[in-house]
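Taking it in order: structure first as structure tokens, then the write-up.
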Amino acid sequence: MRHYSVVVVTAVKHKDIGALPELRFITYLSPSLPLELFEAVVDHVRRHVGCRASLRAETSVSGPRRGAGDPFSRGEADVAFVCSPSYAWLRELEPPPAELLGVAPVFRDRRNGGRPLYFCEVIVRRDAPVRSFMDLKGGSWAYNDRCSLSGYHGLLKKLTEMGTEQRFFGRLIRSGSHLKSLEMVAQGAVDAASIDSNVLALRLRARPELRRVLRVAETWGPFPVQPVIVRSALGTDLKKALREGFLTVDSNPRARRVLAEFGLERFDRVSRETYESERLTAPSVIPN
């Protein structure tokens, strides 16, 4: 768990902050998105709010699992970076332990038009005889986890749109992360995987030699990017201060340099309708 010491800042302390010893952030999106990105964001936000903060990474899943408990209900987290299926599942609980903060990241990608969107990139080996998704029927597929939109639920949506209710793949493997799925395709261990477009862009930038090995066979989307969610019980003033912190992160020169390194431009406003419009009606499990 990363801890940040108290720093005197010009941010105004809101009335419901004093009783909170520290803000507890958790990201479910690392290591696929580098932890340093979230550290820079959290550092700016806690300076804006004017209190201590801690950050931890849950690396085994893209968000709280449906019906498996969550850190908000247990009082263990205040703010989280999660994939949108987990947000939808948390909203099903009564009362909902978490809600949208109302902000989401905007990554550098000309296709998203400066909006908080992203894509599912279906990757295959460059030498694979695959020209479309249908060419993968009977083959092998790696997915990161069942809480991921880009790695799993985007695939469910694709299969549903195709009217495929029977087994499509010969082999389906849970890899544990986008980075592992990507490596499995590169090594020929599986035929294909669907990767978060921002994760793929960062990985190809870090390892340009992969461009000679991998290619994108299809792109699905756009989809609303992963939201920032907060514990519902937090005070209104604190939520407002947090929202302001995220929306001003690009005005911080130090944070802006780190974010630019990882392709994140800023945070923008989002609403519940943004994510409710993408409710997936697909089955919860891929036939296999």
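The values are calculated or read from the model by the stated rules, or taken from the named source; none is laboratory data. The structure displayed is predicted, hence computed values, not measured ones. Virtual Cβ from ideal backbone geometry, glycine too; neighbours counted across all protein chains shown. What goes into the accessible areas is simple: the full protein's heavy atoms, side chains included, and nothing from ligands, DNA or RNA. Shrake-Rupley method; radii C 1.70, N 1.55, O 1.52, S 1.80 Å.
Could you say whether any residue in region 157-179 is β-branched (Val, Ile, Thr), within 14 Å of PHE133 (Cα to Cα) and at pLDDT below 95? Yes, region 157-179 contains a residue that is β-branched (Val, Ile, Thr), within 14 Å of PHE133 (Cα to Cα) and at pLDDT below 95.
Of the residues making up region 192-219, just one is open to solvent by 30 Å² or more (accessible area, probe 1.4 Å), part of a helix (DSSP H, G or I), touching a residue at least 60 places away in the same chain (Cβ under 8 Å) and not aliphatic (A, V, I, L, M), namely ARG212. Within region 63-119, restricting attention to residues that are among the basic types (Lys, Arg) and outside any loop (DSSP other than H, G, I, E, B), the residue that is farthest from VAL258 (Cα to Cα) is ARG91. Mind checking which pairs have a first residue in region 45-68 that is within 18 Å of LEU238 (Cα to Cα) and a second that is modelled with pLDDT of 95 or more and open to solvent by 50 Å² or more (accessible area, probe 1.4 Å), Cβ under 6 Å, 6 or more apart or different chains? Going by the 6 Å Cβ cut-off, the qualifying pairs are SER54/ARG24. Note on region 187-212: residues that are touching a strand residue (DSSP E or B) at 6+ places or on another chain (Cβ under 6 Å) and more than 14 Å from TYR143 (Cβ to Cβ) total 3.
Set side by side, the residues PHE25, PHE72 differ, and just one is farther than 20 Å from ARG272 by Cβ, at pLDDT 95 or above and of a type in the set (Phe, Trp, Tyr), which is PHE25.
If you check ALA77, ALA104, ALA53 for being small (Gly, Ala, Ser), open to solvent by less than 50 Å² (accessible area, probe 1.4 Å), within 17 Å of LEU149 (Cα to Cα) and touching an Asp or Glu at 6+ places or on another chain (Cβ under 9 Å), only one passes: ALA104. Annotation: of all residues in region 141-191 being open to solvent by 50 Å² or more (accessible area, probe 1.4 Å), in a loop (DSSP other than H, G, I, E, B) and of a type in the set (Asp, Glu), the one that is farthest from TRP89 (Cα to Cα) is ASP191.
PRO129 meets the stated requirement of being assigned to a loop (DSSP other than H, G, I, E, B) and either buried (at least 18 other Cβ atoms within 10 Å of the Cβ) or without any contact (Cβ under 8 Å) to a residue 60 or more places away in the chain (or both). Against the definition (part of a loop (DSSP other than H, G, I, E, B), on the phi < 0 side of the Ramachandran plot and not hydroxyl-bearing (Ser, Thr, Tyr)), how does PHE223 come out, yes or no? Here the answer is no, as PHE223 does not meet what is asked. The one condition from (1) crowded, with 20+ Cβ neighbours inside 10 Å; (2) under 18 Å from HIS178 (Cβ atoms) that ASP109 does not meet is (1). A count restricted to region 222-275 and to residues that are open to solvent by less than 60 Å² (accessible area, probe 1.4 Å), more than 22 Å from GLU22 (Cβ to Cβ) and over 18 Å from the mean Cα position of the chain (by Cα) stands at 1.
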